[in-house]
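J.: The structure that follows is given in the form of structure tokens.
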Amino acid sequence: MLDGSTTCCLLWLYPSQAACIPVLLSNGWELPFSDVIQWNQAVIEGDERLLLQVPSTVRAVGIDRVLALRQRTQMLWEAYFSSVDKIVLTTLEVRAGSALDVYTAACLTERKVCQGKLNQCRMPYIISTYLIIKDRVYSHISRNKFMWNALPGGLLVLPEYSTHLAHYPFYYLNLGISPGPEFTAVIHATSPLISQSQPIMKLLQVVSKSKYCSQIIILWNSEKPPPHRSKWPPMPVPLIITDGRRKTSSRFLPHAAIETEAVLSLDEDTVLLTSEINFAFHVWRSFPERIVGYPPRSHFWDPVKKAWGYTSKWTNEYSIVLTGAAFYHRYYHHLFSHYLPSSLRALVDRTSNCEDILMNFLVSSVTHLPPIKVAQRKQYKEMPTLQGTKMAPWANPEHFTQRQECVNTFASWFGYMPLVHSQFRLDPVLFKDHVSVLRKRYKDLERV
């Protein structure tokens, strides 16, 4: 029984954490953020004057309706009420209210009583003041109700990126549409161009042969300036050389040159076949909200060290797909640059490492789903053989230690471990079946 209309009634939300369906009996009470959240899809509301009818009303709710209500309560809890940070951010984004409202919401989540005194409350972090007024002043770029009431929630949908649902990777199924039929390849180059036989030259030829490739962007992060365009091989698709300013995190900047929804992220020494690229892209179009690619890795909990560990051992389980050979939606570039704190990107740039792990953390925290591993390839790197070629970063003995530390640093910032384990691998139809190769579309994958 909930009396009044004050924010102290936020405590009723805690049962939602266990997927319980709230039954509310409080006439005239306004639910939190009701101007954007459709609470009729998450709670059962009754008339407090008809208390004796409540049991029969609840029993009359069908199984399908119960499941839908439980799913929605979980989504709303996770998106807006599961932490102090999320309640404060939602308050700022939705209500653009006064500072007192924000402090009150934060304290009540920690089960404290503010009693209108700011000095008894604790803000989790400093939030820039433009968040308080932007949804009122810039109403033309504010989130619509569908964004607030569908996964992954309004806080992870940045309207500065777009106000159109079709521009995000989460809503294709709801809209009944598919992602675009082409992709942009972004190759991260850190070694100077010495010979035409370097791995990057072979990779350019392989990628450009894909009928789905729209353009190729080389993100140049070498100590030496990029060679003239005439030094690069002729290709059937446009080739763009972009200065990465020697920052590892620049590979996930929202480059204006990326015009397709799909991004194929590649390291300069990646070894793939054109058919492998085509198959992975075909799979990604069915799972556009996830990372889809080849090189898998995994995390685990070390009970001795009481810390998270990182492993590259080949097992039947994985939780990371490295972005050295993977597809994902270009919106994650925007989230990487504008949602994650600068301290994490600074860590990536300082160590020249872990950017792929951070991207996996980000995508899994948004989708609550694992990435998708495709086909059977295990070795996707080519060892440098030319004299004067810079040693591959992954060959550095400190590389693995840094990645162990990164996993724990990232988990600490997110407040939990967002990575999800999976044993799911997708292979082409008739893969390794004893039938004629003429019936197989991706027959080359069997020889990898």
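J.: Is the shape of the range 301-440 best called rounded, prolate or oblate, per the rule: a/c under 1.5 gives rounded, else a/b larger than b/c gives prolate, else oblate, with a ≥ b ≥ c the square roots of the Cα gyration tensor eigenvalues?
T.: Working: a/c = 1.71, a/b = 1.36, b/c = 1.26.
Prolate.
J.: Under a 1.4 angstrom probe, counting protein chains only, how are Met417, Met147 ranked by accessible area, largest first?
T.: Details: Met417 30, Met147 0 Å².
Per-residue accessible area, sorted high to low, gives Met417, Met147.
J.: Here is a follow-up. Say R0 is 22 Å: what FRET efficiency, to the nearest 0.05, do Leu426 and Leu175 get from their beta-carbon distance?
T.: Numbers: r = 24 Å, r/R0 = 1.08.
Between Leu426 and Leu175 the formula returns 0.40.
J.: Given a Förster distance of 22 angstrom, what is the FRET efficiency for Arg350 paired with Glu223, based on the Cβ-Cβ distance and rounded to 0.05? Each step should come with its number before you reach the end.
T.: Values: r = 17 Å, r/R0 = 0.76.
FRET efficiency, Arg350 to Glu223: 0.85.
J.: Can you tell me the relative contact order of the range 171-237? Whole percent, Cα pairs under 8 Å, sequence separation 6 or more.
T.: 42 percent
J.: What FRET efficiency comes out for the pair Trp314/Arg59, r = Cβ-Cβ distance, R0 = 45 Å, nearest 0.05?
T.: Numbers: r = 52 Å, r/R0 = 1.16.
The formula returns an efficiency of 0.30 here.
J.: Now a separate question. Ile63 accessible area, nearest 10 Å², 1.4 Å probe?
T.: Result for Ile63: roughly 150 Å² accessible.
J.: Relative to the compact globular guide of 2.2 N^0.38 Å, what is the alpha carbon radius of gyration of the range 262-343, as a ratio? Could the numbers behind the result be given before it?
T.: Values: Rg = 14.9 Å, N = 82, 2.2 N^0.38 = 11.7 Å.
Ratio of Cα Rg to 2.2 N^0.38 Å: 1.27.
J.: Next question. Just subtract the alpha-carbon distance of Trp413 and Ser195 from 0.36 nm times their residue separation and send over the number in nm, one decimal. Before the final figure, lay out each step's value.
T.: Numbers: separation 218, 0.36 × 218 = 78.48 nm, distance 4.25 nm.
Stretched fully, the Trp413-Ser195 segment lengthens by 74.2 nm.
J.: Might you work out the accessible area of Glu405 for me, using a 1.4 Å probe with all protein chains in place, and round it to the nearest 10 Å²?
T.: 110 Å²
J.: Let me ask something additional. Using a 1.4 angstrom probe on the protein heavy atoms only, line up Arg49, Arg229, Arg245 by accessible area, largest first.
T.: My answer, sorted largest first, is Arg49, Arg245, Arg229.
J.: What ranking do 14-20, 319-325 get when scored by the average of other Cβ atoms within 10 Å per residue, highest first?
T.: 319-325, 14-20
J.: Under a straight-distance cross-link criterion of Cα-Cα below 15 Å, which aspartates and glutamates are reachable from Lys145, leaving out those fewer than 8 residues away in the same chain?
T.: Asp35, Glu93, Asp135
J.: Hey, another quick one. What accessible surface, in Å², does a 1.4 Å probe find on Glu30, ignoring ligands, DNA and RNA and rounding to the nearest 10?
T.: 110 Å²
J.: Another question, then. May I ask for the net charge around Leu151, where only other residues with Cβ less than 11 Å from the Cβ of Leu151 are counted and Lys, Arg are +1 while Asp, Glu are -1?
T.: Working: positive: Arg72; negative: Glu78, Glu289.
Surrounding charge for Leu151 is -1.
J.: Got a sec? What order do Ser342, Ser249 fall in by accessible area at 1.4 Å, biggest, i.e. largest, first? Kindly include the intermediate steps, with their values, before the conclusion.
T.: Details: Ser342 80, Ser249 10 Å².
Descending order: Ser342, Ser249.
J.: Could you give the length gained by full extension between Asp444 and His338, i.e. 0.36 nm per residue of separation minus their alpha carbon distance, to one decimal place? List each step's numbers first, then the result.
T.: Details: separation 106, 0.36 × 106 = 38.16 nm, distance 4.00 nm.
Gain on extension, Asp444 to His338, equals 34.2 nm.
The values are calculated or read from the model by the stated rules, or taken from the named source; none is laboratory data. Please read all numbers here as calculations on a predicted model, not as lab measurements. Virtual Cβ from ideal backbone geometry, glycine too; neighbours counted across all protein chains shown. Keep in mind that these areas ignore ligands, DNA and RNA; they rest on the heavy atoms of the full protein, side chains included. Shrake-Rupley method; radii C 1.70, N 1.55, O 1.52, S 1.80 Å.
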